[in-house]
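Notes follow once the structure below has been shown.
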Amino acid sequence: GEAEAAGMAKNTNMRWRLPLVCLLWEVAMIVLFGVFVRFGAEADAHWEEEKREMNLTSDIENDFYFRYPSFQDVHVMIFVGFGFLMTFLKRYGFGAVGFNFLLAAFGIQWALLMQGWFHSFKDGKILIGVENLINADFCVGSVCIAFGAILGKTSPIQLLVMALFQVTLFSVNEYILLNLLHVKDAGGSMTIHTFGAYFGLTVTRILYRPNLEQSKDKQGSVYHSDLFAMIGTLYLWMYWPSFNSAISDHGDAQHRSAINTYCSLAACVLTTMAFSSMLQKKGKLDMVHIQNATLAGGVAVGTSAEMMLTPYGSLIVGSISGIVSTVGYVYFTPFLESRLHIQDTCGIHNLHAMPGLIGGIVGAITAAAATEDVYGKEGFIKAFDFTGVYQTRTPSIQGGFQAAGIVVSLLMAFVGGAIVGGILKLPIWGDAAAENCFEDDVYWEVPEDEESDVYHMHNPDKPASP
Amino acid sequence: GEAEAAGMAKNTNMRWRLPLVCLLWEVAMIVLFGVFVRFGAEADAHWEEEKREMNLTSDIENDFYFRYPSFQDVHVMIFVGFGFLMTFLKRYGFGAVGFNFLLAAFGIQWALLMQGWFHSFKDGKILIGVENLINADFCVGSVCIAFGAILGKTSPIQLLVMALFQVTLFSVNEYILLNLLHVKDAGGSMTIHTFGAYFGLTVTRILYRPNLEQSKDKQGSVYHSDLFAMIGTLYLWMYWPSFNSAISDHGDAQHRSAINTYCSLAACVLTTMAFSSMLQKKGKLDMVHIQNATLAGGVAVGTSAEMMLTPYGSLIVGSISGIVSTVGYVYFTPFLESRLHIQDTCGIHNLHAMPGLIGGIVGAITAAAATEDVYGKEGFIKAFDFTGVYQTRTPSIQGGFQAAGIVVSLLMAFVGGAIVGGILKLPIWGDAAAENCFEDDVYWEVPEDEESDVYHMHNPDKPASP
Amino acid sequence: GEAEAAGMAKNTNMRWRLPLVCLLWEVAMIVLFGVFVRFGAEADAHWEEEKREMNLTSDIENDFYFRYPSFQDVHVMIFVGFGFLMTFLKRYGFGAVGFNFLLAAFGIQWALLMQGWFHSFKDGKILIGVENLINADFCVGSVCIAFGAILGKTSPIQLLVMALFQVTLFSVNEYILLNLLHVKDAGGSMTIHTFGAYFGLTVTRILYRPNLEQSKDKQGSVYHSDLFAMIGTLYLWMYWPSFNSAISDHGDAQHRSAINTYCSLAACVLTTMAFSSMLQKKGKLDMVHIQNATLAGGVAVGTSAEMMLTPYGSLIVGSISGIVSTVGYVYFTPFLESRLHIQDTCGIHNLHAMPGLIGGIVGAITAAAATEDVYGKEGFIKAFDFTGVYQTRTPSIQGGFQAAGIVVSLLMAFVGGAIVGGILKLPIWGDAAAENCFEDDVYWEVPEDEESDVYHMHNPDKPASP
């Protein structure tokens, strides 16, 4: 593009734009929270009266004790998990962790409002509790996923703009799936991963940079950046059972979700290692696969983990998703970039998009295959919430609606991503020129010595400092 | 001073001094624990009988299940949070993480005793349970804060001596506030942050080093040390809701504290980013601000989080504290150093002192504004513990006592800090000369190759290796 | 050996061998899980009926809520704790974290089966719940420990083979101790640490490499690798109270285990620091000791933590184990290598073997010293499960059986380790030549620039670079 030709001339100075956006939006949050958000019954000081009314004999019945440990695990996944997973680039660690921090901190506030209007609105107020915090983190998770596709190529303002729109669209999509289609998706294979990934891939397609090879020397990792990324990987991997079980029904459903996810992830590690080695001439393992594809097993049971998938079912799903994801990194990512002009920095197509689809499909099949024999009479109704107007829904119809949920999520992602991508393409957001992508120095004060040093080491024939 | 003129001649050899102090104190702990500390009813094997007496029908009513997850989060904050937050210096990572580990491990033992005598003493024994562990971690948190002010300038023995005295003073101050003034301060804005920070600032003032610019080259960060520090930042940020809710009343109070803190911290990130960019000529973000000021929102709701601050109130407090803290790093820290001779390595004045004061004030206002309408009749009494001799206390009187708590904490910090600073100034503790500050090599075996390498890079005109 | 003489000629290409082993074993897991593994009552959708039968009034009585937070902490210890603890080597970070990930992910699947057959087998099915997940993680912990002895010297296939056999032997040993000897060992001093460590030491003895000094330059750490290792250390240290309490009885036993472990670990840090400084001529602290010996206190109360060890008893045990472990690193490890030809990369003899023995002995003594007075009549029976055929067992007899448990664990470790070591010595597994040990480049794609750079720095006789 013409703008790119201008090179260094692009104005990436954030001095007034970023503060303005941050402060304006925070003021908007304060006003909207002031008008709408209040404590739910279990967090309100009137809880003693509530307890009496609900005939609860102990404070331990407060939802806080059912969900707070899972909430904290999810919180770690969003901020440390996604944040550090993206630090693998040699010169974009500040941006990875720092911008993820910024967009997630904004996103959770906006998500509390958007999801609150759809799901927790009573008498003109949004009543929040720990489940709302988890859902806000979930919603923001989809933005973190999309961030993975455009990592290193956008300004922080673009990320905030994207977060604003994506949270909005996420909430609409979630409402359609959960409320209108009455679909189950506790771990978000469809709402979080499929939607988030295809949204991000569409955005990065629209923002296609033809000259990105100019910053090719910065698109790799260094030894220690790969270790930092493993912190992110492991926290995502370890806490994924909490992710998939965090908002499931109390009792057996939470318990079951955790077990299924644990099994799926364990299997996924083995098939990822197998294919990572197999697809390399020298049989060496590739950190990119270990950092990412090992997590596909968590994505792929996101919908079905709370169902009676069974441990061996989980092993099968985890095994397949590890293979699909690793093969994706080796063959699909280069293809997407060269043929479809989709520049996917972190390979979210392999980690979230394809495993998300698998997750949606496995969920549909598992739902369609449900029987009263397997779930028990009460368990069957409870698991799929076949009450009220849904009393007559059969498993096969439920499976159909689950499948419809995948399609809706994809449509929302493509259409929404295209629109938001178009907005982000406006030349006012301060993104960097192609040769300055994947470089913290554009938006961050970077310590001098190390910077020049690393720069020298890896680009011996380039001039001293940028 | 004369001692400093001696330079390298200072004796920093810890060989007999450090072991002596560590072993003497550990023996003292064993003796005192042997005389005083026993398991509380909920951790004692007699619990079955206790359960019957208290008419509890389930083991889940054991306080362990209400507080253990929060305890573990707090534990991570003290050891990984504070420890890694301070690894930002290029050559003091071992000292940051290692000395924090040492002083905290000693401090929690001494705190179990000190706080036990004040709060858990029955029939000549201190009876401990999970709440005591949390409180011990809290108490040590105030020592970790003070450590931030003197980071890189003291010997490990000085830190142990400081921990001994500071834990003692902390416990006295806490007793005055919680028991005599009947003040609420579950997240410790006053007892932990205000006290800890002003104590540390007073100590570092007394220990003022006029020639500290001699180690100026080591006072900065390198690229990867900034990423290590972000691990600390994020764990503090993510788990702060657990910190502020860990010792609140069961049920709604814990639930509410977590929500308020979550909201405050989210808002704080946005205003920190805004001001970090705004106050830089080139609009670039500064990792020092992101690592620290983003946490001010947790400090600033430490007193009020368990009250009906409301989510929008939390956003306001978080927003303000992020601004104050970032402005502090840009303008106050240099001023404190040049004019008041307060050398504050980590900027605890910005992260803990000012936000701690804000927290105390917000707590006083929130308490003074409490009404039976907002809290419910029972909730009102329960929230402020207006029972027994405090039955007649009104919200505005409570607000007054809360404000008095701030003043008492400040006085204790200044007087205590001055005395302890004086003790630490004695020339027997083995602290390093000014030109060797912020250098792990003084107290640690440092791997050779890397050392000489980094040394060369940043000090090209110095001889090859020490 | 002859093979070693061949040097670089050794075939370390994993391309077909590693994938074959991974895929074959994963298929085996799927088949075995399909035949045997089902959800336990608390994770099954029939839970509603179960609840009614068991007269449970609330979902909070589901074991999930008693143990899931501890499970997640244990999970972090296995994957981040052990994984990062071993990243201290300058050029083996990928292998440390990555192979630990691989062997643990395989091991937990196999452990679910093995332990399931012994402990959760009903009507031809293994019924699993959260406690099984914890036990699987525990079992794999013993493999991670053994991995520490052979770190850097084996191929990933060898690790998978070792995991297969070690998990099997662990489960047999555990069955003998817990079911036949009726021994208490909730934190696994005997089953996990003593068995795991002596097993690993025997394996590394069998795999003795006479020419290992050829890779001596890579056996040390660099500055940042030591900081990565501290992440592992701290997570192990912080979460050890969860480890020792995770499978204790509900209520006071879990509560007590956590307190005892907290106390023991705190004391251990002080004595480790003391002896680390004391045993160095210059009195400097050694990161190897801080990273490892500080954890000995957790190992050494593994058996007794759930008993009435008392807080001061824990301080004593923790203090002693810190001393023993540090002294071990300074004196025993060199002795073991030079005289007994036991090459123990991580010093597991000091961190797990000796403290594990201490733990077994302390457990035996604490059990033998138990009285109805200290435990209460009911508590006494509950703590040692003196019911059914064990109704007449006295504390002193229990102490004897506890001691027998140590002996059995040692025998299993020596015999099992010798056999498995012999299998691993076969020349088909693709391990590296002596001069390529402790080098990620053998099995991993390593980023080029950094690699050559670090390589240069530490091999001064190679051409320079920066």
Worksheet, complete the sentence: Apart from one, (1) of a type outside the set (S, T, N, Q); (2) open to solvent by 10 Å² or more (accessible area, probe 1.4 Å); (3) in a helix (DSSP H, G or I) all hold for C:Met162; the odd one out is (2)
Item to complete: State whether the residues of the stretch C:333-350 include one that is within 14 Å of another protein chain (Cβ to nearest Cβ) and of a type in the set (Phe, Trp, Tyr).
Response: no
Worksheet item: When you go through (1) within 30 Å of B:Ala434 (Cβ to Cβ); (2) open to solvent by 20 Å² or more (accessible area, probe 1.4 Å) one by one for B:Thr57, which number turns out not to apply?
Response: (1)
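Residues checked against (1) within 7 Å of chain B (Cβ to nearest Cβ); (2) out of contact with any Lys or Arg (no Cβ under 6 Å at 6 or more places or on another chain); (3) surrounded by fewer than 24 Cβ atoms within 10 Å (Cβ to Cβ); (4) aliphatic (A, V, I, L, M):
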site	(1), (2), (3), (4)
C:Ser245	no, yes, no, no
C:Gln254	yes, yes, no, no
C:Ile259	yes, yes, no, yes
C:Ala267	yes, yes, no, yes
C:Lys281	no, yes, yes, no
C:Leu295	no, yes, no, yes
Worksheet item: Under 7 Å by Cβ, and 6 or more places apart or on different chains, what pairs join a residue from the stretch A:17-44 that is within 8 Å of chain B (Cβ to nearest Cβ) with one that is in a helix (DSSP H, G or I) and surrounded by fewer than 19 Cβ atoms within 10 Å (Cβ to Cβ)?
Response: A:Glu42/A:Asp63
Worksheet, complete the sentence: A:Leu56 passes all but one of the listed conditions (1) more than 9 Å from chain B (Cβ to nearest Cβ); (2) in contact (Cβ under 8 Å) with a residue 40 or more places away in the chain; the exception is number (2)
Worksheet item: Restricting attention to the stretch C:350-399, which residues are outside any helix (DSSP H, G or I) and open to solvent by 20 Å² or more (accessible area, probe 1.4 Å)?
Response: C:Ala369, C:Thr371, C:Asp385, C:Thr387, C:Gln391, C:Thr392, C:Arg393, C:Thr394
Discussion item. Taking the condition of being more than 10 Å from chain C (Cβ to nearest Cβ) and either β-branched (Val, Ile, Thr) or farther than 26 Å from C:Phe94 by Cα (or both), how many residues in the stretch A:228-243 meet it?
Written reply: 1
Worksheet, complete the sentence: Restricting attention to the stretch A:179-198, the residues that are touching a helix residue (DSSP H, G or I) at 6+ places or on another chain (Cβ under 8 Å) and farther than 13 Å from A:Val140 by Cα number exactly 12
Fill in: Among the residues listed as A:Val97, A:Val21, A:Val74, the single one being under 25 Å from the mean Cα position of the chain (by Cα) and open to solvent by 10 Å² or more (accessible area, probe 1.4 Å)
A:Val21
Discussion item. What's the number of the only condition in (1) more than 7 Å from chain A (Cβ to nearest Cβ); (2) open to solvent by 10 Å² or more (accessible area, probe 1.4 Å) that C:Leu103 fails to meet?
Written reply: (2)
Fill in: Test: residue in the stretch B:399-417 that is out of contact with any His (no Cβ under 6 Å at 6 or more places or on another chain), among the polar types (S, T, N, Q) and at pLDDT below 95
no
Worksheet item: Looking at the stretch B:120-139, is at least one residue of a type in the set (Gly, Ala, Ser), closer than 30 Å to B:Leu212 by Cα and crowded, with 24+ Cβ neighbours inside 10 Å?
Response: no
Worksheet, complete the sentence: Scanning the stretch A:297-328 for residues that are aromatic (Phe, Trp, Tyr) and either more than 11 Å from every other protein chain (Cβ to nearest Cβ) or outside any helix (DSSP H, G or I) (or both) gives none
Discussion item. Any residue in the stretch C:168-197 that is open to solvent by 10 Å² or more (accessible area, probe 1.4 Å) sitting within a Cβ distance under 9 Å of a residue that is among the basic types (Lys, Arg)? List the pairs, counting only those 6 or more apart or interchain.
Written reply: C:Leu178/C:Lys184; C:His182/C:Arg393
Worksheet item: Regarding A:Val27, is this residue among the β-branched types (Val, Ile, Thr), open to solvent by less than 50 Å² (accessible area, probe 1.4 Å) and more than 30 Å from B:Met54 (Cβ to Cβ)?
Response: no
Response to the item:
Quick count over the stretch B:44-61, residues being farther than 24 Å from C:Asp59 by Cα and either in contact with a helix residue (DSSP H, G or I) (Cβ under 8 Å, 6 or more places away or on another chain) or basic (Lys, Arg) (or both), is 4
Response to the item:
If we ask which residues in the stretch A:391-434 are of a type outside the set (A, V, I, L, M, F, W, C) and within 19 Å of the chain's Cα centre (by Cα), their number turns out to be 5
Worksheet item: Does B:Phe79 satisfy the criteria of being more than 7 Å from chain C (Cβ to nearest Cβ), of a type in the set (Phe, Trp, Tyr), over 14 Å from C:Gln254 (Cα atoms) and outside any loop (DSSP other than H, G, I, E, B)?
Response: no
Worksheet, complete the sentence: Checked the stretch B:383-413 for anything closer than 24 Å to B:Tyr198 by Cβ and aromatic (Phe, Trp, Tyr); matches are B:Phe401
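The values are calculated or read from the model by the stated rules, or taken from the named source; none is laboratory data. Since we're looking at a predicted model, the values are computed, not measured. Cβ atoms come from the backbone with ideal geometry, glycine included; neighbour counts cover every protein chain shown. When the accessible area is computed, the model is the full protein with side chains, heavy atoms only, and any ligands, DNA or RNA have been set aside. Shrake-Rupley method; radii C 1.70, N 1.55, O 1.52, S 1.80 Å.
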